[in-house]
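These notes concern the structure reproduced below.
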Amino acid sequence: MNYLVAAILGVLFLAVLGLGWVRLSPLPADRFSMRSGPQEPGTHKLPGGVKYVIPLRILPEGALDHLAWIASESPRSRIRYQEDDLFAVVTRSRRLGFPDITVAWVADGLLHIHAHLVYGKYDMGANEQRVEAWLDTLRHLDDDMEDEF
């Protein structure tokens, strides 16, 4: 009986230790300014994430700045890195706090948004859903601005 209790306590200790590592370990800083993935316009599903490449001409003016504001106002998200034409956001999962990194930048008249997980291999579509919600808000930004005046 004592072995069973010790085994259960050992497993619980390891689970708490693992979750602590996910929450407290430093994130890979090189991913905050990485401009990777496909360069042609479209939605590109990648292992552990998604990349959007959207022509700026179909987006509201100042799309990158607006997107940074939208992302920073999202639950459990905060901007961790920013340059003139790039920003990186870390969003943590609701229950366990697993981090996802989203990097957005402008290059050659295109808005690039690369959202990917840090730990694991499959994000269950969470990055795609989050970026889709951000883009939906961005697309309707002009409508909301017109309603205010």
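The values are calculated or read from the model by the stated rules, or taken from the named source; none is laboratory data. Everything numeric in this text was worked out from a predicted model, so none of it was measured. Every residue, glycine among them, receives a Cβ derived from its backbone with ideal geometry; neighbour counts consider all protein chains shown. These accessible areas exclude ligands, DNA and RNA; they are computed on the full protein's heavy atoms, side chains included. Shrake-Rupley method; radii C 1.70, N 1.55, O 1.52, S 1.80 Å.
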Restricting to the range 35-51, what's the tally of residues that are part of a loop (DSSP other than H, G, I, E, B) and aliphatic (A, V, I, L, M)? 0
Would you call Arg130 under 25 Å from Pro26 (Cβ atoms), among the charged types (D, E, K, R) and in contact with a Lys or Arg (Cβ under 8 Å, 6 or more places away or on another chain)? no
Requiring at least 3 residues that are touching a residue at least 40 places away in the same chain (Cβ under 8 Å) and open to solvent by 10 Å² or more (accessible area, probe 1.4 Å), the strands (runs of 3 or more DSSP E) wholly within the range 52-149 are 77-83, 99-107, 110-117
